[in-house]
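Enquirer: If you scroll down you'll find the structure; I have some questions about it.
The values are calculated or read from the model by the stated rules, or taken from the named source; none is laboratory data. As the structure is a prediction and not an experimental result, all values here were calculated from the model. Accessible surface is based on the protein model in full, side chains and every heavy atom, while ligands, DNA and RNA are left aside. Shrake-Rupley method; radii C 1.70, N 1.55, O 1.52, S 1.80 Å.
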Amino acid sequence: MSNLCKLFEVSRTAYYRYQRGRSHNADSKYNRPKHEIRIEFIRNLKRYGSRRIKESIKQKGIRIGRRKVAEIMRKRKSESHSAAKVYSANDR
């Protein structure tokens, strides 16, 4: 079986899952977190980075790592913006 899997470039795990009727689709695992990350990002005026977003969705009961949050944000081109510092005349 290993040789056939190598020939068709399929992992043995994927083959056996397919055989049992459960195909492996890693993206479906992250559909809800992707949506929640996007909502949190927009809700916080695009100022939250991956660490703060991870903590805010953790409070909603979604378990996901910071690096996965950062990867999802990178793929969606969601970059956080810092607030511009306001200077007064006395600061100079």
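Enquirer: With θ set to phi - 60°, apply the Karplus curve 6.51 cos²θ - 1.76 cosθ + 1.60 along region 49-54 and write out the HN-Hα couplings as whole Hz, x wherever there is a Gly or Pro.
Expert: x, 5, 5, 6, 5, 4
Enquirer: Let me ask something additional. Share of the chain's accessible area from carbon and sulfur, percent, 1.4 Å?
Expert: Numbers: 3780 of 7990 Å².
So the carbon and sulfur contribution to the accessible surface is 47 percent.
Enquirer: How much area per residue is accessible in the chain when the probe is 1.4 Å and only protein heavy atoms are counted (Å²)?
Expert: 87
Enquirer: Multiplying the sequence separation of GLU55 and ALA89 by 0.36 nm and subtracting their Cα-Cα distance, what value in nm do you get?
Expert: Values: separation 34, 0.36 × 34 = 12.24 nm, distance 3.76 nm.
Residue separation times 0.36 nm, minus the Cα-Cα distance, leaves 8.5 nm.
Enquirer: Given a cut-off of under 8 Å on Cα pairs at least six residues apart, what relative contact order in percent is computed for the chain? Walk me through the numbers on the way to the answer.
Expert: On the way: 54 pairs, mean separation 19.3, N = 92.
Taking the mean separation of contacting Cα pairs over the length of the chain, I get 21 percent.
Enquirer: Determine the alpha carbon to alpha carbon distance for each of LYS34/LYS85; LYS29/LYS85; LYS29/LYS60; LYS29/LYS54 and list only those over 28 Å. Spell out each step's value before the answer.
Expert: Values: LYS34/LYS85 31 Å; LYS29/LYS85 39 Å; LYS29/LYS60 17 Å; LYS29/LYS54 16 Å.
Exceeds cut-off: LYS34/LYS85; LYS29/LYS85.
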